[in-house]
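What follows is a short report on a single structure.
The values are calculated or read from the model by the stated rules, or taken from the named source; none is laboratory data. Every value quoted in this text rests on a predicted model; they were computed, and no experiment measured them. Neighbour counts are summed over all protein chains in view; Cβ atoms, including those assigned to glycine, are modelled from backbone coordinates with ideal geometry.
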Ligand code: AMP
């Protein structure tokens, strides 16, 4: 695996691989099997796989959260080598955001004001800026994202519709631990007791199937919030919404798909998960 720190290094790699299909997996590192599932899928759909690791300060509304973000670069390199990633792009801040860099403006139709966007002001704008830069630098044919960050997938879709229509997007299912807990780099900040409590998050979301025949959506959300609050320190949101628009559901319609999304805090760590049904 080649490790490129600069755009110049990347360009030499791309010159040597002109005309090939490039599969791109942008990450913030502290890699786990969820990330690796994206790399494996990229391998199946492209000739060369590029993974980036860049902890993007622009998408953290809380500087303390940015500082605490886990960095495990040696282990990341070893995992990527084993997964047959072809190139790891490991840029500095200045490489991604050079002096004079001008940000892009992308209307997000309110997605950036609700749920993750409401709780983490500026988060999705930061995501838009970094992906716009990375897509411009890497020029991928395919790009791979996890549905765990469901709202982010909607933002990525809008970004590509507006600026990169030729990139083929792949949104992949959430990889989970045996307990059902969605894998996340942030899980490394939880104690064993915290990890045990966090297993209740997905169990609560999956329980929706057994409740939806008996109660309307708002009552189901209340029951599940109540259940989950026994395990987590606080619930930021737990909502049942339309997966396309993220607008609330007033009644069930057997012809439609729904998604339940939640964000909770355990031991000061913010964890998100969702379940489409
Ligand atoms: P991150 O490093 O957290 O920015 O994540 C990089 C990519 O990995 C994003 O597209 C995430 O949605 C995806 N991802 C994170 N956790 C998981 C998981 N448990 N299963 C599948 N994909 C994931």
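Things to note:
- Screening the candidates 61, 56 for the property of being surrounded by 19 or more Cβ atoms within 10 Å (Cβ to Cβ) and in contact (Cβ under 8 Å) with a residue 40 or more places away in the chain yields one hit, 56.
- For residue 207: the one exception among (1) free of Cβ contacts under 8 Å to residues at least 24 places away in the same chain; (2) within 13 Å of residue 148 (Cα to Cα): (2)
- Condition check for residue 198: closer than 18 Å to residue 38 by Cα, within 15 Å of the ligand (Cβ to nearest atom) and either under 16 Å from the mean Cα position of the chain (by Cα) or buried (at least 18 other Cβ atoms within 10 Å of the Cβ) (or both): no
- Any hit, the range 205-212, residues being in contact with a strand residue (DSSP E or B) (Cβ under 8 Å, 6 or more places away or on another chain) and more than 16 Å from the ligand (Cβ to nearest atom): yes
- Failed item, numbered, when residue 188 is tested on (1) assigned to a loop (DSSP other than H, G, I, E, B); (2) within 14 Å of the ligand (Cβ to nearest atom): (1)
- Search result, residues across the range 2-32 that are in contact with a helix residue (DSSP H, G or I) (Cβ under 9 Å, 6 or more places away or on another chain) and at positive phi: 29, 30
- Selection of the range 224-277 for residues being closer than 23 Å to residue 183 by Cβ and part of a loop (DSSP other than H, G, I, E, B) yields 231, 232, 233, 243, 267, 268, 277.
- Note on the range 28-46: residues that are within 6 Å of the ligand (Cβ to nearest atom) and either closer than 15 Å to residue 139 by Cα or surrounded by fewer than 23 Cβ atoms within 10 Å (Cβ to Cβ) (or both) amount to 3.
- Flag if residue 257 is loosely packed, with under 14 Cβ neighbours inside 10 Å and either closer than 30 Å to residue 133 by Cα or under 24 Å from the mean Cα position of the chain (by Cα) (or both): yes
- Test result for residue 42, touching a residue at least 60 places away in the same chain (Cβ under 8 Å) and more than 19 Å from residue 75 (Cβ to Cβ): yes
- Matching residues in the range 20-45 - criterion: being closer than 21 Å to residue 133 by Cα and part of a helix (DSSP H, G or I): 35, 38, 39, 42
- Of the residues examined, residue 21 is not one that is within 11 Å of the ligand (Cβ to nearest atom) and in contact (Cβ under 8 Å) with a residue 12 or more places away in the chain.
- Checked against the criterion of being in contact with a helix residue (DSSP H, G or I) (Cβ under 8 Å, 6 or more places away or on another chain), more than 16 Å from the ligand (Cβ to nearest atom), closer than 22 Å to residue 151 by Cα and at pLDDT below 95, the candidates 250, 238, 246, 224 yield just one match: 250.
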